[in-house]
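One structure below.
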Amino acid sequence: MVPEANSNSRRDLIAESAIRIIARDGVRTLTHRAVDAEAGIPSGSTSYHARTRSALLGIVVDALADRTVDDALLIAVPDAMSIDDAADAICGLVRALAARRDDMRARYALVLELDDSDLRQRLTDRGPVHDVSTTVARRLLRSAGLAATDADVETVIELTDALVLQWTIADRESPWMRRIVVGHLRGAGVGDG
């Protein structure tokens, strides 16, 4: 029997290797054998931890979701902040997410190519990532004295995701990122319902 710590570290290695494969070569190239080779582990090791392709994709989605939740929870939201401070917090989150380039490339590839709607939704509008994003965005808007309706919160989440996608595609930060976020927070959509 494999000790729990070794089992968890092996699953982490499998997830990391699968993410690299998807980011580099696309979702269709993800196989148990490819993960074994990428991770440098004995043949059949990935199959031991994830018997099916769906289970393997689940490991990947869980890892991506956990990392994104961790990044979102690092945003410090005081009781009161300026719009500029709120914009800085959003831009900081975009930078943190975009710094995980392989994760973001894999996430977007999975969102576009996954046939499993449950897994796809866990990366988009259902599950812990969206739940934490909603909570953080709502607190941030309220802290800045802005409207925090469901629509306002969703526009901040979608703007953040769009900026991460742009960075992932262009492989650089938009020179207008802060201006875009400040403009949005100052009225280009927030509070218009």
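Values quoted throughout were computed directly from the atomic coordinates according to the rules given, and no laboratory measurement underlies them. What you are looking at is a predicted structure, and each value in this text was computed from that prediction instead of being measured. When we count neighbours, we look across all protein chains shown, and the Cβ atoms used for this are built from the backbone with ideal geometry, even at glycine.
Numbers at a glance
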| item | result |
| --- | --- |
| Candidates Asp88, Asp118, Asp103 - the one that is within 18 Å of Val60 (Cβ to Cβ), surrounded by fewer than 17 Cβ atoms within 10 Å (Cβ to Cβ) and either touching a Ser or Thr at 6+ places or on another chain (Cβ under 9 Å) or acidic (Asp, Glu) (or both) | Asp118 |
| Qualifying positions in the stretch 155-187 - in contact (Cβ under 8 Å) with a residue 12 or more places away in the chain and more than 17 Å from Arg105 (Cα to Cα) | Thr155, Val156, Ile157, Leu159, Met177, Arg178, Ile180, Val181, Val182, His184, Leu185, Arg186 |
| Helices (runs of 4 or more DSSP H) within the stretch 1-70 that include 3 or more residues within 20 Å of Thr124 (Cα to Cα) | 4-25 |
| Criterion: assigned to a helix (DSSP H, G or I), among the aliphatic types (A, V, I, L, M) and within 22 Å of Ala63 (Cα to Cα) - qualifying residue of Leu141, Leu93 | Leu93 |
